[in-house]
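Colleague: Before anything else, here's the structure in question.
The values are calculated or read from the model by the stated rules, or taken from the named source; none is laboratory data. Small disclaimer: the values here were computed from a predicted structure and weren't measured. Glycine gets a Cβ as well: all are built from the backbone with ideal geometry, and neighbour counts include every protein chain shown.
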Amino acid sequence: MDRDGVDRALSRLGAEHEAVETSLLALQDHAGRRLLEGAGLTGLTKERWAAADAAITRLWRYFDAYSGALAAAREVRERRRWPGREDLVELTDRLRGPGVLISGAGVEGAPLAERFSLAELVARMNELYAASLDVVVAADSVWSALPARIDLLAAELHRTRSLAHSVGVRPGEHPSGDDLEAITTELAELRERVIADPLAFWVPAAGSSAPGGGRPDTRRYDRAALALEDVRREVEAVLAVRQDSEQRLIGLRDVLSRADRTLAEARKARAEVLAKIAASEVPAVSGPPTALQEELSAAAEYRRRSQWHRLSPLLESLEVRAEEELLRARESLTAVTAPLAVRAELRGRLDAYKAKVARHGMAQDPLLIERYDTARRMLWSAPCDLRAAEQAVWRYQQATAESLVPQQQRTQQADEQQWEPRDQREPSVREWPEGPREGDA
């Protein structure tokens, strides 16, 4: 190497020395490294930190050797302003040759003494620094992210548990109470594991070469947060029951009362149908829903004792079944009164055909009078045979239709004679209208 080459090499190596020293001091003061040194580590983190700690120790030994070699080279260079051949040969050997001997720096399976050139030593220090920094940054990232979030979630869990206990949601008494206990246990175990083994919760970024490239694994935390959110919604639902339970109970009593009244009306209508309609199958009417009344009384008792966690599901079930009971009562009333509706329809049809006969001047037709009287007698007598009455009305309709056809034919023939087609008569001048003339408006 000539003098200029030596000076350039010393300048570059000096800059590298300064950069390595700055990085090592930053690593020494890194909060993650201090936490790793004082933590009771387990699992993967314990294993990797032991290797990283040994690597940091070797880093300082390599750096001391590098510093000594660089200082010795500078001392040779400073002997003369214009170094001679012997100085340049020595400087070349120190700056480029494997002249740095490091004793006791080997690892398991490697020699206890190693020789490096300054460039090789810088490259080796860079490798050890990157591997050590990965461990420190990953552990620090997990510790910065997860424990704080777990603590916040634990505080929310405490508030939710207090609220849940106030409305009777307790372990062994309500599923959500059991869920709260499970979430409490999970958060405690998760926090302990994160503190002791943070690297077990680190997901390296694929293809990333940046120190600490990756992200904390928050899947267990996310599952616990979602479970707590579900419990919180359940507790809020129970609280809502406490606030509007009285109105809901009043509404339930009203629905069941309407169902009872409808069933009573259906039973009364059934007795009327059996008395007024003959040869008709009338369905039976069930009694009042006693089971629902008993459960309604139980719901009122739960409210009196402030057992909201028991009242909430019972009210939801009662509201659905009460509406179903009211619908069933209405369907029963409709089915029971169907024969009366059929009779009313037949009566209306009979009267409508009678009015039609009168409009056509056939009210005195003996056959129509006879068939009308027969149908009316059947429909207005008790008990009424609906099948026979329907046949009587149908015969009256048929007789009416047959009587109306000849009359319509006679009327049509008279109209045809009065209005004979023009091509069969000699048109007169008066029958044809005059065409338009000039001056006509």
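Colleague: Taking the stretch 14-55, which residues are at pLDDT 80 or above, surrounded by 17 or more Cβ atoms within 10 Å (Cβ to Cβ) and within 19 Å of ALA69 (Cα to Cα)?
Modeller: GLU16, VAL20, LEU24
Colleague: Identify, by number, the condition in (1) touching a helix residue (DSSP H, G or I) at 6+ places or on another chain (Cβ under 8 Å); (2) closer than 23 Å to GLU181 by Cβ that ASP222 doesn't meet.
Modeller: Failed condition: (1).
Colleague: Checking the condition surrounded by fewer than 20 Cβ atoms within 10 Å (Cβ to Cβ) and either in contact with a helix residue (DSSP H, G or I) (Cβ under 6 Å, 6 or more places away or on another chain) or at pLDDT 75 or above (or both), which residue from ALA139, ALA113, ALA164, ALA130 passes?
Modeller: Just one listed residue meets the conditions, ALA130.
Colleague: So ILE102 fits all but one of (1) β-branched (Val, Ile, Thr); (2) assigned to a helix (DSSP H, G or I); (3) more than 60 Å from the chain's Cα centre (by Cα); (4) crowded, with 19+ Cβ neighbours inside 10 Å; what number is the exception?
Modeller: Every listed condition holds for ILE102 apart from (2).
Colleague: Give ARG161, ARG124 a once-over and let me know the one that is over 22 Å from GLN307 (Cα atoms) and of a type in the set (Lys, Arg).
Modeller: ARG124
Colleague: Among the residues of the stretch 372-387, what is the count of those that are part of a helix (DSSP H, G or I) and free of Cβ contacts under 8 Å to residues at least 12 places away in the same chain?
Modeller: Within the stretch 372-387, the first condition is being part of a helix (DSSP H, G or I), and the residues that meet it are 372-379, 386-387.
Subset that is free of Cβ contacts under 8 Å to residues at least 12 places away in the same chain: 373, 377.
Total satisfying the criteria: 2.
Colleague: Shifting gears a bit: So for the stretch 370-380 (the condition being at pLDDT 90 or above and either in contact with a His (Cβ under 8 Å, 6 or more places away or on another chain) or among the small types (Gly, Ala, Ser) (or both)), does at least one residue qualify?
Modeller: Step one: filter the stretch 370-380 for residues at pLDDT 90 or above, giving none.
No, the stretch 370-380 contains no residue that is at pLDDT 90 or above and either in contact with a His (Cβ under 8 Å, 6 or more places away or on another chain) or among the small types (Gly, Ala, Ser) (or both).
Colleague: Take ARG58 and tell me if it is more than 19 Å from SER141 (Cβ to Cβ) and buried (at least 17 other Cβ atoms within 10 Å of the Cβ).
Modeller: Values: more than 19 Å from SER141 (Cβ to Cβ): yes; buried (at least 17 other Cβ atoms within 10 Å of the Cβ): yes.
Spelling it out, ARG58 is indeed more than 19 Å from SER141 (Cβ to Cβ) and buried (at least 17 other Cβ atoms within 10 Å of the Cβ).
Colleague: So, one more: Just one of the numbered conditions (1) assigned by TED's automatic domain parsing to the domain that holds ALA284; (2) free of Cβ contacts under 8 Å to residues at least 12 places away in the same chain is not true of ILE369; which one?
Modeller: Every listed condition holds for ILE369 apart from (1).
Colleague: Conditions first: (1) at pLDDT 85 or above; (2) surrounded by 15 or more Cβ atoms within 10 Å (Cβ to Cβ). ARG170 passes all but one, so which condition is the exception?
Modeller: Evaluating ARG170 over (1) at pLDDT 85 or above; (2) surrounded by 15 or more Cβ atoms within 10 Å (Cβ to Cβ) leaves (1) as the failure.
Colleague: How many residues does the stretch 308-358 contain that are under 20 Å from LEU249 (Cβ atoms), surrounded by 17 or more Cβ atoms within 10 Å (Cβ to Cβ) and among the polar types (S, T, N, Q)?
Modeller: Of the residues in the stretch 308-358, 1 are under 20 Å from LEU249 (Cβ atoms), surrounded by 17 or more Cβ atoms within 10 Å (Cβ to Cβ) and among the polar types (S, T, N, Q).
Colleague: Only one of these is under 41 Å from the mean Cα position of the chain (by Cα) and assigned to a helix (DSSP H, G or I): GLU272, GLU319, GLU265. Name it.
Modeller: Numbers: GLU272 fails: under 41 Å from the mean Cα position of the chain (by Cα); GLU265 fails: under 41 Å from the mean Cα position of the chain (by Cα).
Testing whether each residue is under 41 Å from the mean Cα position of the chain (by Cα) and assigned to a helix (DSSP H, G or I) leaves just GLU319.
Colleague: Here is a follow-up. Just one of ARG159, ARG193, ARG248, ARG232 is surrounded by 13 or more Cβ atoms within 10 Å (Cβ to Cβ), within 26 Å of the chain's Cα centre (by Cα) and in a helix (DSSP H, G or I); which is it? Step through it out loud before you land on a result.
Modeller: Working: ARG159 fails: surrounded by 13 or more Cβ atoms within 10 Å (Cβ to Cβ); ARG193 fails: within 26 Å of the chain's Cα centre (by Cα); ARG248 fails: within 26 Å of the chain's Cα centre (by Cα).
After ruling out the rest, the residue left standing is ARG232.
Colleague: A further question on this structure: Taking only pairs six or more apart or across chains, which ones have beta-carbon atoms under 8 Å, a first residue in the stretch 340-354 that is among the hydrophobic types (A, V, I, L, M, F, W, C), and a second residue that is outside any helix (DSSP H, G or I)?
Modeller: LEU340/ILE277
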